[in-house]
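The values are calculated or read from the model by the stated rules, or taken from the named source; none is laboratory data. Nothing here was measured: the structure is a model prediction, and the numbers come from that model. All Cβ positions, even for glycine, are placed from backbone atoms using ideal geometry, and neighbour counts span all protein chains on display. To get the accessible areas, we keep the full protein, side chains included, count just its heavy atoms, and leave off ligands, DNA and RNA. Shrake-Rupley method; radii C 1.70, N 1.55, O 1.52, S 1.80 Å.
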Amino acid sequence: MPTPSPRVSVRTRKVAIVGLSVIILSLIVAATVAIYQWQQPPVQKINYSQLHSLAQAGGAVALAVEGETLTVTKTDGT
């Protein structure tokens, strides 16, 4: 006579569902953060002469000044 299959308790099922939900939610959050970081334009440091030549060539769209930091947005979005 074959042995009956063991029954999984309701508590074990709830713990498994909660654990699986936490893992799936963590993967979704990690994927969202990775996609957000990937879509950010690359940042590069330039010196004053490169900034001056960029401004003369008309390659700059915007300039933001925050204290000692100058942030230049070029026409290609970088």
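Would a scan of region 45-58 turn up a residue that is more than 31 Å from the chain's Cα centre (by Cα) and open to solvent by 100 Å² or more (accessible area, probe 1.4 Å)?
Yes.
Out of the residues in region 7-44 that are outside any helix (DSSP H, G or I), within 18 Å of Thr78 (Cβ to Cβ) and not aliphatic (A, V, I, L, M), state the one that is least open to solvent (accessible area, probe 1.4 Å). Walk me through it before giving the result.
Filtering region 7-44 down to residues outside any helix (DSSP H, G or I) leaves 7-9, 40-44.
So of that shortlist, the ones also within 18 Å of Thr78 (Cβ to Cβ) come out as 40-44.
So of that shortlist, the ones also not aliphatic (A, V, I, L, M) come out as 40-42, 44.
On the way: Gln40: 81, Pro41: 63, Pro42: 94, Gln44: 130 Å².
Once the filter is applied, the top-ranked residue is Pro41.
Restricting attention to region 30-72, report how many residues are modelled with pLDDT of 85 or more and on the phi > 0 side of the Ramachandran plot.
Final tally of qualifying residues: 1.
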